[in-house]
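Take a look at the structure below.
The values are calculated or read from the model by the stated rules, or taken from the named source; none is laboratory data. Owing to the predicted nature of the structure, the values given are computational and were not obtained by experimental measurement. Heads up, the Cβs are rebuilt from the backbone with ideal geometry, glycines too, and the neighbour counts pull from every protein chain shown. Surface areas here come from the heavy atoms of the whole protein model, side chains and all, with no ligands, DNA or RNA. Shrake-Rupley method; radii C 1.70, N 1.55, O 1.52, S 1.80 Å.
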Amino acid sequence: MDPRFLNVVVNGDSMWPTLKQGSTAMFERIDPNSVAVGQVVLLDHPFRGNLRIIKRIQSMEDGRLFLVGDNPDPTASEDSHNFGEVDVSSVIAVLVPQ
């Protein structure tokens, strides 16, 4: 497989219904500065470096991203509502559209 691409098994319901628990999602490594609002990104958790998370970019300003889960249940996602904005450099890859 091309090293630009990562297959990630989804763990949890924060991105439901876009990504379902147990499904495999393909991500592409890109220059973090090329991300855009609305994209789904893979990154290391800002406080738990051994945990990778998948979130959607809700807003972006001055190289800082506000990330959210897609699940409409506000208790289903640990995201920027909990840990604040993250630096764009923390993005590892973006979801490849299916």
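Carbon and sulfur together cover what percent of the accessible area of the chain at a 1.4 Å probe radius?
Ligands and nucleic acids excluded, carbon and sulfur give 51 percent.
Can you tell me the length gained on complete extension of the stretch Gln98 to Arg64, counting 0.36 nm per residue apart and subtracting the Cα distance? Present the calculation step by step, with values, prior to reporting the outcome.
On the way: separation 34, 0.36 × 34 = 12.24 nm, distance 2.66 nm.
Result: 9.6 nm gained on full extension.
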How about the stretch 34-76: which trypsin sites (Lys or Arg not before Pro) there are in a DSSP loop, with at most 12 other Cβ atoms within 10 Å of their Cβ? Arg48
Per residue accessible area in Å² of the chain, where ligands, DNA and RNA are left out and the probe is 1.4 Å: 58
Taking only the Cα atoms of the chain, how large is their convex hull per residue, in Å³? 99
